[in-house]
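Asker: After the structure tokens below, expect a handful of questions from me.
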Amino acid sequence: MTAQVGIIIREFAAGDAEAFRKLNEEWIQHYFELEGPDREVLNDPKGAILDRGGRIFVAERNGELVGCCALLAAHEGEYEVAKMAVSPECRGTGIGRRVLEFAIAAARESGATRLTLETNRKLAVAIGLYESVGFQHIPASRVPPSPYARCDVAMEMFLSK
């Protein structure tokens, strides 16, 4: 886990948009295709996430962004975990877990009571991570339609204060 040395988890800042876009484009295009909602968020994270009440967290190592995770404002007291990515050279080092746990803690501190996320069954390692931090699968009967064609798994986590 040497890649964890010198990792700082922090809020998204001016100048982070290009790295945020590249980190997410890399994994999405590796497994799937970029979709319209991806382009909207990745081309304008400030307008599509931050200005709508969401937050973005990044993992930085030696001035380079190597991971990220967003909280999209959903219903009152709820966020959707989205646009979570780790650079290929840092995968498997625990950075994804750290940035996800940071996002969960921030949601809890903000008073959120529920987190949701959408993913794809192909991403078994990511699903395992989500399960390990407390996300549970949502029954198909309760899953609203997704704006993403690739999403076939929905999960949720209830937060206690």
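The values are calculated or read from the model by the stated rules, or taken from the named source; none is laboratory data. These figures come from a predicted structure and were not determined experimentally. Every residue, glycine as well, gets a Cβ built from its backbone with ideal geometry; the counts of neighbours run over all protein chains shown.
Asker: Among the listed residues Ala17, Ala85, which satisfies the condition of being among the small types (Gly, Ala, Ser), under 22 Å from Ala126 (Cβ atoms) and within 16 Å of the chain's Cα centre (by Cα)?
Answerer: Exactly one of Ala17, Ala85 is among the small types (Gly, Ala, Ser), under 22 Å from Ala126 (Cβ atoms) and within 16 Å of the chain's Cα centre (by Cα), namely Ala85.
Asker: While we're looking at this one, here's another question. Before we move on, is Gly47 closer than 25 Å to Ala107 by Cα, over 14 Å from the mean Cα position of the chain (by Cα) and either at pLDDT 95 or above or not hydroxyl-bearing (Ser, Thr, Tyr) (or both)?
Answerer: yes
Asker: Further question on the same structure: Can you pull out every residue in the stretch 67-112 that is of a type in the set (Phe, Trp, Tyr) and in contact (Cβ under 8 Å) with a residue 40 or more places away in the chain?
Answerer: Listed by number, the list holds a single entry, Phe102.
Asker: So is Glu76 under 15 Å from Glu109 (Cα atoms) and either aromatic (Phe, Trp, Tyr) or more than 10 Å from the chain's Cα centre (by Cα) (or both) or not?
Answerer: yes
Asker: Moving to a separate point now. Return the residues of the stretch 1-45 that are of a type in the set (Val, Ile, Thr), surrounded by 10 or more Cβ atoms within 10 Å (Cβ to Cβ) and assigned to a helix (DSSP H, G or I); say none if nothing qualifies.
Answerer: The answer is Ile28, Val41.
Asker: Would you check which residues across the stretch 60-109 are out of contact with any Ser or Thr (no Cβ under 8 Å at 6 or more places or on another chain), of a type in the set (Gly, Ala, Ser) and within 21 Å of Gln29 (Cα to Cα) and list them?
Answerer: Scanning the stretch 60-109 gives Ala70, Ala82, Ala85, Ser87, Gly92, Gly96.
Asker: Using beta carbons and a limit of 9 Å, which pairs, at least six apart or on different chains, have the first residue in the stretch 127-150 and in contact (Cβ under 8 Å) with a residue 60 or more places away in the chain and in a loop (DSSP other than H, G, I, E, B) and the second one surrounded by 12 or more Cβ atoms within 10 Å (Cβ to Cβ) and of a type in the set (A, V, I, L, M)?
Answerer: Short answer, once both residue conditions are applied: Arg150/Ile28.
Asker: Starting from residues that are assigned to a strand (DSSP E or B) and either among the charged types (D, E, K, R) or out of contact with any strand residue (DSSP E or B) (no Cβ under 7 Å at 6 or more places or on another chain) (or both), keep the ones in the stretch 46-74 and report whichever is nearest to Pro147 (Cα to Cα).
Answerer: Arg55
Asker: In the stretch 132-157, how many are closer than 12 Å to Leu117 by Cα and exposed (fewer than 10 other Cβ atoms within 10 Å of the Cβ)?
Answerer: Number satisfying all stated conditions: 1.
Asker: Please go through the stretch 75-111 and give me each residue that is assigned to a helix (DSSP H, G or I) and either touching a Pro at 6+ places or on another chain (Cβ under 8 Å) or of a type in the set (Val, Ile, Thr) (or both), ordered by number.
Answerer: Passing the criteria: Ile95, Val99, Ile104.
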